[in-house]
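Here the structure is laid out as structure tokens; the discussion comes afterwards.
The values are calculated or read from the model by the stated rules, or taken from the named source; none is laboratory data. None of the values given here were measured: they were computed from a predicted structure. Glycine also receives a Cβ, built like all others from the backbone with ideal geometry; neighbour counts cover every protein chain displayed. Calculation scope for accessible area: heavy atoms of the full protein, side chains included, ligands and nucleic acids excluded. Shrake-Rupley method; radii C 1.70, N 1.55, O 1.52, S 1.80 Å.
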Amino acid sequence: QVQLEESGGGLVQPGGSLRLSCAASGSIFSPNVMGWYRQAPGKQRDLVATITSAGTAVYADSVKGRFTISRDNAKNTVYLQMNSLKPEDTAVYYCNLRQRGRNYWGQGAQVTVSS
């Protein structure tokens, strides 16, 4: 059993910053991939960024240069530093853990970028 607990969402003005955190607990195995996806109202859930347990990161084109994903393997925690936020970044952000062919999801954290 795996649980993912997200924190750090909220309301921010355009150009501002937020940091999301996601702590995984339970049966965590290495190697694995942790990441963030987001879903805006009426749209599909899309990749934001992923990072392997070895530290290799992948980003969606729309967030390159603005978002940074990182992880602390000792704490089974992944972070998403979001800078220069835009209104189009508004969405529910979901934490994901992929290991041994299975996907696990967090409950989601709302991020709203608005003046």
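The test for being more than 19 Å from Gln3 (Cβ to Cβ) and in a strand (DSSP E or B) holds for Gln81.
Here Val48 clears all of (1) assigned to a loop (DSSP other than H, G, I, E, B); (2) within 16 Å of the chain's Cα centre (by Cα) except the condition numbered (1). When you scan the stretch 54-61, do you find a residue that is open to solvent by 60 Å² or more (accessible area, probe 1.4 Å) and assigned to a helix (DSSP H, G or I), even just one? Yes; the residues of the stretch 54-61 include at least one that is open to solvent by 60 Å² or more (accessible area, probe 1.4 Å) and assigned to a helix (DSSP H, G or I).
Residue by residue through the stretch 65-75, note down the ones that are open to solvent by 60 Å² or more (accessible area, probe 1.4 Å) and touching a strand residue (DSSP E or B) at 6+ places or on another chain (Cβ under 9 Å). Scanning the stretch 65-75 gives Gly65, Thr68, Lys75. Restricting the first member to the stretch 37-51 and to residues that are more than 18 Å from Arg98 (Cβ to Cβ), and the second to residues that are polar (S, T, N, Q) and open to solvent by less than 70 Å² (accessible area, probe 1.4 Å), the beta-carbon pairs closer than 7 Å and six or more apart or on different chains are Ala40/Thr90. Among the numbered conditions (1) touching a Cys at 6+ places or on another chain (Cβ under 9 Å); (2) open to solvent by less than 40 Å² (accessible area, probe 1.4 Å), the only one that Tyr104 does not meet is (2). Taking the stretch 76-97 as the range and being open to solvent by 10 Å² or more (accessible area, probe 1.4 Å), over 12 Å from the mean Cα position of the chain (by Cα) and within 22 Å of Gly10 (Cβ to Cβ) as the test, the residues that pass are Asn83, Ser84, Lys86, Pro87, Glu88, Thr90.
When the stretch 1-24 is limited to residues that are more than 16 Å from the chain's Cα centre (by Cα) and more than 19 Å from Leu85 (Cα to Cα), the one that is surrounded by the fewest Cβ atoms within 10 Å (Cβ to Cβ) turns out to be Gln1. Scanning the stretch 98-115 for residues that are touching a residue at least 40 places away in the same chain (Cβ under 8 Å) and either within 18 Å of Gly9 (Cβ to Cβ) or of a type in the set (S, T, N, Q) (or both) turns up Gln99, Trp105, Gly106, Gln107, Gly108, Ala109, Gln110, Val111, Thr112, Val113, Ser114, Ser115. Against the definition (buried (at least 17 other Cβ atoms within 10 Å of the Cβ), within 16 Å of the chain's Cα centre (by Cα) and at pLDDT 95 or above), how does Arg38 come out, yes or no? It is true that Arg38 is buried (at least 17 other Cβ atoms within 10 Å of the Cβ), within 16 Å of the chain's Cα centre (by Cα) and at pLDDT 95 or above.
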